[in-house]
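Okay, structure first, notes after.
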Amino acid sequence: MSFSTTQVKDSNSLPGGDSTSRLVLQMARRDISTLFRTPWIIISRSLAFIVQLFVFAYLISGFVVKFPNYFEYYAVGSVVGTIASISFIIGYDIFEEAEEGLLDYLLTLPISRRQFIIGRALGGAVRAMIYTIPMFVIVALMEKFSNPLSLSFAIFDLFLLAFGVTGLSITMAVSVRSANRFDVTLALLELAVSRASTALYPLAFMPSYVAAFAPYSPVTFAADSMRDVLEGTSLNFLSIAGLLAFVTIFVGVGATFYFRRLEGGVYA
Amino acid sequence: MFANFGIDLFVTAATFGNLISYNYFLRIAPGSNLITAMVAAFQSGRDIWREKYIKDLASYLLTLPVPRRTFAVSRITGGVARSLIATFPGTLVISYLYGILLSPRLIEAFLVVGLFSLGIVGLSMAVSAFASSIEVFATVRSAIQLYLSFLSTIFYDVTLFPELVQPIVHTNPMTWAIQAFRAIGNQGSTLYPISILVGPSLAFALLGAICYLWYARL
């Protein structure tokens, strides 16, 4: 996962010599390319999605009589939950790179720290989108979502969520030092963000202690916004604003933490 | 681990309880604890993998004055003990929900978790012996976890599955661990589910020990 050796082209040029966007895209491309070198991850996540949707959701929706069309509700939410889960992977990559010493090499590349960080966040988000789009297509076909504008907005929601979660994951990767503690923290965070949200079940049926927090989960913002736009209700501006705030905060915080840790030599 | 269990039980299971019925919540509640046991048990295999590929500790550990077989058995025992400790509060919570917290049947609840963990520790050690990269390990682990969680009777009866899939559900250790818990909850006998659970658990533990011995060849 982490021993990626994709070359950054024009490595002789000085930092700032290339356009910012090109260098950012080169960093992003490196993270995206790891996707195609690790087919096992694609297989496992796809399998998880298929089993959850076509076994779990299909069978359990037969029991759910208090909420009609639960399978359809779950199908959209499972895509949102999956993209959140996959976006967390970038944190594991960064943690392993630091542990294995690859980060030292990456820091010698002729690219500014800021471009490096934004490129990684962008790469993580695009990678998550590539993973998830086929699953979204399956759900769109099943539920007969065909309005191109609605589909575009839904994909935009997914991208915002992926970008924000990537930032959150990077923040965790650079904040926690112990491998075991990092594994547990990230897994727990992933579980909390996905389960305490409206991705897999409606807010009205959550216990009150969860319903109090769930509306503020980024996964809730994305799930609600996607359902509204796909079902043709309206654009859910409140949820989109929530997602944008989440992205701004966590990509910003992630970048700042990452920057400070790198410059502070914590990984040396 | 307890937080993991807490989210599974007090968020997911409680919400499904509200969506379906309180009885359904009680029905799936032990699943939260057994899923936690599964995660904790798999950590043993991951540690063995990390010792070999990341920390480079395997060679040192094998120089210790302990026979290989004893070492393999101790790794399994350690994994089961760790899993029992990780699920200790969860087992107490489920026992409270099932009204057996202050009854001798509490021992049966721990026995079920221990037996179930034994098999999963063995499986995780077998996977760690053959996985050459963390991706392969994580993929096999997640495939096994999917099988244990969704192709078992945690959420639904075996009769709901297509006939073709039913033998897979019947051979799933999770099915028998959960049936044993439900038998405890219904004040029934656990002899039948436990006697079936023993089979795959011992077989997987043996597989784990053999794979570990194979892996420990220098």
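The values are calculated or read from the model by the stated rules, or taken from the named source; none is laboratory data. Remember, predicted model here, so these are calculated numbers, not experimental data. Using ideal geometry, Cβ is built from the backbone for each residue, glycine included, and neighbour counts are taken over all protein chains shown.
Among the residues in region A:221-228, are any more than 12 Å from chain B (Cβ to nearest Cβ) and either under 13 Å from B:VAL11 (Cα atoms) or more than 20 Å from the chain's Cα centre (by Cα) (or both)?
The answer is yes, given that some residue of region A:221-228 is more than 12 Å from chain B (Cβ to nearest Cβ) and either under 13 Å from B:VAL11 (Cα atoms) or more than 20 Å from the chain's Cα centre (by Cα) (or both).
With of a type in the set (Gly, Ala, Ser) and free of Cβ contacts under 8 Å to residues at least 40 places away in the same chain as the only criterion, which of A:ALA162, A:ALA187 stands out?
Values: A:ALA162 fails: free of Cβ contacts under 8 Å to residues at least 40 places away in the same chain.
Among A:ALA162, A:ALA187, only A:ALA187 is of a type in the set (Gly, Ala, Ser) and free of Cβ contacts under 8 Å to residues at least 40 places away in the same chain.
Step by step: first the residues of region A:233-263, then only those that are outside any helix (DSSP H, G or I) and at pLDDT 75 or above, then the one that is surrounded by the most Cβ atoms within 10 Å (Cβ to Cβ). Which residue is that? I'd like the intermediate steps shown before the answer.
Our first condition is that a residue be outside any helix (DSSP H, G or I); within region A:233-263, this holds for A:233-236.
From what's left, at pLDDT 75 or above: A:234-236.
Details: A:SER234: 8, A:LEU235: 13, A:ASN236: 20.
Looking at the filtered set, the residue picked out is A:ASN236.
Could you list, in sequence order, the residues of region A:53-76 that are more than 7 Å from chain B (Cβ to nearest Cβ) and not hydroxyl-bearing (Ser, Thr, Tyr)? Reasoning before the result, please.
Going through region A:53-76, the residues more than 7 Å from chain B (Cβ to nearest Cβ) turn out to be A:53-54, A:57-58, A:61-62, A:65, A:68-76.
Listed by number, the residues that qualify are A:LEU53, A:PHE54, A:ALA57, A:GLY62, A:VAL65, A:PRO68, A:ASN69, A:PHE71, A:GLU72, A:ALA75, A:VAL76.
For residues that are under 19 Å from B:ARG105 (Cβ atoms), of a type outside the set (A, V, I, L, M) and either touching a residue at least 60 places away in the same chain (Cβ under 8 Å) or touching a helix residue (DSSP H, G or I) at 6+ places or on another chain (Cβ under 7 Å) (or both), tally how many sit in region B:188-218.
Number satisfying all stated conditions: 3.
Give just the number: which of (1) farther than 16 Å from A:VAL79 by Cα; (2) out of contact with any Phe, Trp or Tyr (no Cβ under 9 Å at 6 or more places or on another chain) does A:SER169 not satisfy?
Looking at each condition in turn, A:SER169 falls short on (2).
Please go through (1) crowded, with 20+ Cβ neighbours inside 10 Å; (2) closer than 16 Å to B:PHE116 by Cα for B:TRP49 and return the number of the only condition it doesn't satisfy.
(2)
Return yes when A:ALA196 is under 30 Å from B:SER21 (Cβ atoms) and exposed (fewer than 14 other Cβ atoms within 10 Å of the Cβ) and no when it is not. It would help to see each step written out before you state the result.
On the way: under 30 Å from B:SER21 (Cβ atoms): yes; exposed (fewer than 14 other Cβ atoms within 10 Å of the Cβ): no.
Criteria not met by A:ALA196.
Restricting to region B:90-114, and then to whatever is surrounded by 15 or more Cβ atoms within 10 Å (Cβ to Cβ) and of a type outside the set (A, V, I, L, M), can you tell me which residue is farthest from B:ILE48 (Cα to Cα)?
Once the filter is applied, the top-ranked residue is B:TYR98.
Of everything in region A:19-33, what is touching a helix residue (DSSP H, G or I) at 6+ places or on another chain (Cβ under 8 Å) and not small (Gly, Ala, Ser)? Give them in sequence order. I'd like the intermediate steps shown before the answer.
To start, the set of residues in region A:19-33 that are touching a helix residue (DSSP H, G or I) at 6+ places or on another chain (Cβ under 8 Å) comprises A:20, A:23-32.
Result: A:THR20, A:LEU23, A:VAL24, A:LEU25, A:GLN26, A:MET27, A:ARG29, A:ARG30, A:ASP31, A:ILE32.
Would a scan of region A:164-177 turn up a residue that is within 22 Å of A:VAL126 (Cα to Cα), of a type in the set (Ser, Thr, Tyr) and buried (at least 24 other Cβ atoms within 10 Å of the Cβ)? Working first, answer last.
From region A:164-177, those within 22 Å of A:VAL126 (Cα to Cα) are A:164-174; that's our starting set.
Adding the requirement that they be of a type in the set (Ser, Thr, Tyr) leaves A:166, A:169, A:171.
Within this subset, residues satisfying the condition of being buried (at least 24 other Cβ atoms within 10 Å of the Cβ) are A:166, A:169.
Within region A:164-177, one or more residues are within 22 Å of A:VAL126 (Cα to Cα), of a type in the set (Ser, Thr, Tyr) and buried (at least 24 other Cβ atoms within 10 Å of the Cβ).
How many of the residues in region B:135-170 are among the hydroxyl-bearing types (Ser, Thr, Tyr) and at the interface with chain A (Cβ under 7 Å from one of its Cβ atoms)? Don't jump to the end; show me each part of the working.
We begin by selecting, within region B:135-170, every residue among the hydroxyl-bearing types (Ser, Thr, Tyr); these are B:139, B:142, B:147, B:149, B:152-153, B:156, B:159.
Now narrow it down to the ones that are at the interface with chain A (Cβ under 7 Å from one of its Cβ atoms): B:139, B:142, B:156.
Result for region B:135-170: 3.
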